[in-house]
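> Here you go, one structure.
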Amino acid sequence: MGKKKKEVKEKPLEKMTAKELREVGKQIPEIKGVFGMNKPELISVIKKARGIEKDPKKTSSSSVREIKKKIKEFRLKRMAALESSDNKMAEIYGRRITRLKKKTRKAA
């Protein structure tokens with residue numbers, strides 16, 4: 001029975017260790033001084049040599065402001081729901097607030 005060889009796929013650069021990135025950097029002739037670089041520097045130099053563009057940030061400061069406005073609105077709705085003893089809706093608004101807070105942390 002013949003053995004099929006799987007194609008070896010390279011890990012994403014962000015998931016590689018600095019040691020692995022140095023090995024990749026040594027193979028690219030345009031890059032010099034890989035042993036004096038740290039991980040973020042290695043990633044950026046390798047991406048530049050390979051022609052990989054940086055990923056643009058998904059959210060900007062203006063969208064963070066919009067998210068914070070929504071959080072304030074949901075807090076007011078949650079307080080109103082608690083005052084009217086609607087615990088179910090208060091819980092739902094609380095979860096929405098938590099999700100929006102996570103989005104602002106990721107954007108920062």
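The values are calculated or read from the model by the stated rules, or taken from the named source; none is laboratory data. All figures in this text were calculated on a predicted structure; none of them were measured in a lab. Cβ: placed from backbone, ideal geometry, glycine included. Neighbour counts: every protein chain shown.
> So which residues in segment 23-37 are under 25 Å from the mean Cα position of the chain (by Cα) and closer than 13 Å to ARG50 by Cβ, if there are any at all?
VAL24, GLY25, listed by residue number.
> I'd like the residue in segment 68-108 that is of a type in the set (Gly, Ala, Ser) and exposed (fewer than 13 other Cβ atoms within 10 Å of the Cβ) and, out of all such residues, is nearest to the chain's Cα centre (by Cα). So that I can check it myself, show each step before the final result.
Keep residues of segment 68-108 that are of a type in the set (Gly, Ala, Ser), which gives 80-81, 84-85, 90, 94, 107-108.
Next, only the ones that are exposed (fewer than 13 other Cβ atoms within 10 Å of the Cβ) stay: 84-85, 108.
On the way: SER84: 39, SER85: 38, ALA108: 10 Å.
Ranking the candidates gives ALA108 first.
> Going by what's in this entry, would ILE71 be described as at pLDDT 85 or above and among the hydrophobic types (A, V, I, L, M, F, W, C)?
Against the criterion (at pLDDT 85 or above and among the hydrophobic types (A, V, I, L, M, F, W, C)), ILE71 qualifies.
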